[in-house]
Amino acid sequence: MLDIVFSPDRRFATIKLYGQLWQRQDMRELKDGVEKVKTQNIKYIVLDLDRLSFLDSDGLGVIIKVFNSLKEAGGQLLLFRPQGPVKDLLELSVVDSFIPVVETEKELNEKIAELPA
């Protein structure tokens, strides 16, 4: 199953994904959650993928839609700590070439510090 935890913190929110992102219900939950964060005037989202074990092409499509939605609103999506097959899919699909992927807490903190107010 997928569990999404929202951690609003001033200018950004962290959404932690656990398990697998491939069922329509999970994808809809992610999209709805992102919209909820955006209604709170949060434009920057960190998608924590550290515990996401599986992602299919439909799930990847949802992540790209989230990226585009935030970009259109003047925001940014950061992908944090993808592992194993999830990381492989991001690299094979070249999504990591246009959505920033950060691997460490230090790198994440640096990217967050660079975000406009």
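The values are calculated or read from the model by the stated rules, or taken from the named source; none is laboratory data. The structure presented is a predicted model; accordingly, all values stated were derived computationally and were not measured. Positions of Cβ are generated from backbone atoms using ideal geometry, with glycine treated the same way; all protein chains shown enter the neighbour counts.
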Only one of these is within 19 Å of Ala117 (Cα to Cα), touching a residue at least 12 places away in the same chain (Cβ under 8 Å) and of a type in the set (A, V, I, L, M, F, W, C): Phe12, Phe6, Phe54. Name it.
Phe12
Can you name the residue in the range 82-96 that is part of a helix (DSSP H, G or I) and either in contact with a Gly (Cβ under 7 Å, 6 or more places away or on another chain) or among the β-branched types (Val, Ile, Thr) (or both) and, of all such residues, is surrounded by the fewest Cβ atoms within 10 Å (Cβ to Cβ)?
Val95
Count - residues of the range 42-84 that are more than 17 Å from Glu29 (Cα to Cα), modelled with pLDDT under 95 and of a type in the set (A, V, I, L, M):
2
Report yes if Pro116 is on the phi < 0 side of the Ramachandran plot, assigned to a loop (DSSP other than H, G, I, E, B), of a type outside the set (Ser, Thr, Tyr) and surrounded by fewer than 18 Cβ atoms within 10 Å (Cβ to Cβ), otherwise no.
yes
Any hit, the range 87-102, residues being free of Cβ contacts under 8 Å to residues at least 24 places away in the same chain and β-branched (Val, Ile, Thr):
yes
Inspect all residues belonging to the range 64-81 and state whether any of them is surrounded by fewer than 19 Cβ atoms within 10 Å (Cβ to Cβ), on the phi < 0 side of the Ramachandran plot and either assigned to a strand (DSSP E or B) or within 11 Å of the chain's Cα centre (by Cα) (or both).
yes
